[in-house]
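Quick note: the coordinates plus some simple rules give every number you see, no bench work behind them. Model, not experiment: these values are computed from the prediction. As a convention, Cβ positions derive from the backbone with ideal geometry for all residues, glycine included, and neighbour counts pool all protein chains shown.
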There are 2 protein chains.
Amino acid sequence: MARRTGRRPGNPDTREAILAAAREAFAERGFDAASIRGIATSAGVDPALVHHYFGTKEQLFRACMDFPIDPSTVLPQVLDGGMDGIGERLVRMFLSVWDSPAGAAGVALMRSALSNEWTARLLREFVTTQMLRYVLPKLSVEPGEARLRASLVASQMAGLAMVRYVLKLEPLASAPPDVVISAIAPTIQRYVAGPLQA
Amino acid sequence: MARRTGRRPGNPDTREAILAAAREAFAERGFDAASIRGIATSAGVDPALVHHYFGTKEQLFRACMDFPIDPSTVLPQVLDGGMDGIGERLVRMFLSVWDSPAGAAGVALMRSALSNEWTARLLREFVTTQMLRYVLPKLSVEPGEARLRASLVASQMAGLAMVRYVLKLEPLASAPPDVVISAIAPTIQRYVAGPLQA
């Protein structure tokens, strides 16, 4: 898949060596323990080159995943506005990304993430450190429940992606966004802010 | 993966040839248009041998998918009892299968189904003809909404499988069944029987 980092591509072999080393480091040691220096050493390049090609450690992780959106740009649009209507804003944003050309990258990412334990670990680490770490402190919910709520939201959104874009099960595959939003936003709203006990 | 059909295994090459021909027929032509005779011809064997190894066309399809449960045994447990509590019964049954040793086969099935368009089509055809065709007429819902409701249920259940068993995102990955049931059963109940408009 094409890499889009907004920088000049550089030597493709060097870039791929850095990405391969970074994927291994993020999956094996986790985002926090992985270092640009260690990744550079594994790839046999100077750390400055890693920064030059990929920017920050966050940007490098995103490039590793071919992640089609920048969470730090998109998530504030969902979170700003508080808890009221957060379910609807999340589902609407999600559909706008997946229904766009970026959706094809999302399908590829999901396929790759599910192909084995190693790639699943990489996606889990990405969701945890690049999305949930940013989102959880901003939710006005009981701290002890925040991670359960987030993983429930992840379950519905991952399943929506799978059924609508990967399996293409009708009629959800072709339903207009407003039909999907009406049906699924209340689920997300309850997972984020409503009662989790029957 | 081991095949469990309750029949003697026969010649492994012949069995594999039949399964390969059946997978192609079910994915290309669909369950209804695929025939045991056509599958036998593609595999270069006598139709009687297909029946001998795999039983009915439904059983052959299930063997193709390595599907870990028999929908015709499990689904009545969810549907009997009517619409009241159907969400809780579905989530409870789902967890009892996926938390059991059969769950590993479920993970393998999901990985394989997502690996490319062809295998996704096979799973979509299986869900549509082996599960929804049985379930939809038994639901007391407006017929025009039944398929949308079913695909919404599929989206939450597929996402639960993905987050709990494939990605293993905590705390949903390790949450006790009753916590998962309390949180997700109301979603399923609404998708099956509640209002879909905000």
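Considering every residue in A:110-123, what mean count of other chain Cβ atoms within 10 Å of its Cβ is obtained? Each step should come with its number before you reach the end.
Working: counts 2, 5, 2, 4, 10, 4, 1, 4, 0, 0, 7, 2, 0, 3.
Other-chain Cβ atoms within 10 Å of each residue's Cβ, averaged: 3.
Rounded, prolate or oblate: which one fits segment B:61-198, using the alpha carbon gyration tensor with axes a ≥ b ≥ c (rounded when a/c is under 1.5, else prolate when a/b beats b/c, else oblate)? Let's see the in-between values first.
Details: a/c = 1.55, a/b = 1.14, b/c = 1.36.
In terms of gyration-tensor shape, oblate.
Under the rule of -39500 (n - 2.57) per DSSP H run of 4 or more residues, summed and divided by the residues of chain A, what mean residue ellipticity at 222 nm is obtained, to the nearest 500 deg cm²/dmol? Mind showing how you got there, number by number?
Working: 10 runs with 124 residues, N = 198.
Mean residue ellipticity, 222 nm, calculated: -19500 deg cm²/dmol.
What does the C-alpha gyration tensor say about the overall shape of segment B:12-65? Classify as rounded when a/c is under 1.5, otherwise prolate if a/b is larger than b/c, or oblate.
Working: a/c = 1.38, a/b = 1.30, b/c = 1.06.
Judged from the Cα gyration tensor, segment B:12-65 comes out rounded (a/c under 1.5).
Under the convention of a label 7 Å out along Cα→Cβ, give the distances in nm from A:Thr41 to the same position in every other copy, shortest first.
In ascending order, 6.5 nm.
About the Cα centre of the protein assembly as shown, how large is the charge dipole given +1 on each Lys and Arg Cβ and -1 on each Asp and Glu Cβ? Please answer in debye to the nearest 20. All intermediate terms of the calculation are to be shown ahead of the outcome.
On the way: 44 positive and 38 negative charges, 78 e Å.
My answer is approximately 380 debye.
List the distances, in nm and shortest first, from the label point of A:Leu79 to the matching label points in every other copy, placing each point 7 Å from Cα along the Cα-to-Cβ direction.
Inter-copy label distances (nm, one decimal, shortest first): 4.5.
Could you check the simple spin-label distance between B:Glu28 and B:Trp118, using points 7 Å along Cα→Cβ, in nm with one decimal?
Each label point is offset 7 Å from its Cα along the Cβ direction, giving 1.0 nm.
For chain B, what's the relative contact order in percent, using C-alpha pairs closer than 8 Å and at least 6 residues apart? Present the calculation step by step, with values, prior to reporting the outcome.
Details: 170 pairs, mean separation 45.3, N = 198.
Once normalised by length, the contact order is 23 percent.
Which shape class, rounded, prolate or oblate, goes with the protein assembly as shown when its Cα gyration tensor gives a ≥ b ≥ c as root eigenvalues, a/c under 1.5 marks rounded, and past that a/b bigger than b/c marks prolate?
Numbers: a/c = 2.05, a/b = 1.29, b/c = 1.59.
Here the protein assembly as shown falls in the oblate category.
Within 10 Å of each Cβ of B:44-55, how many other protein chain Cβ atoms are there on average? Can you show the working numbers first?
Numbers: counts 0, 0, 0, 0, 0, 0, 0, 0, 0, 0, 0, 0.
Per residue, the number of nearby Cβ atoms from other chains is 0 on average.
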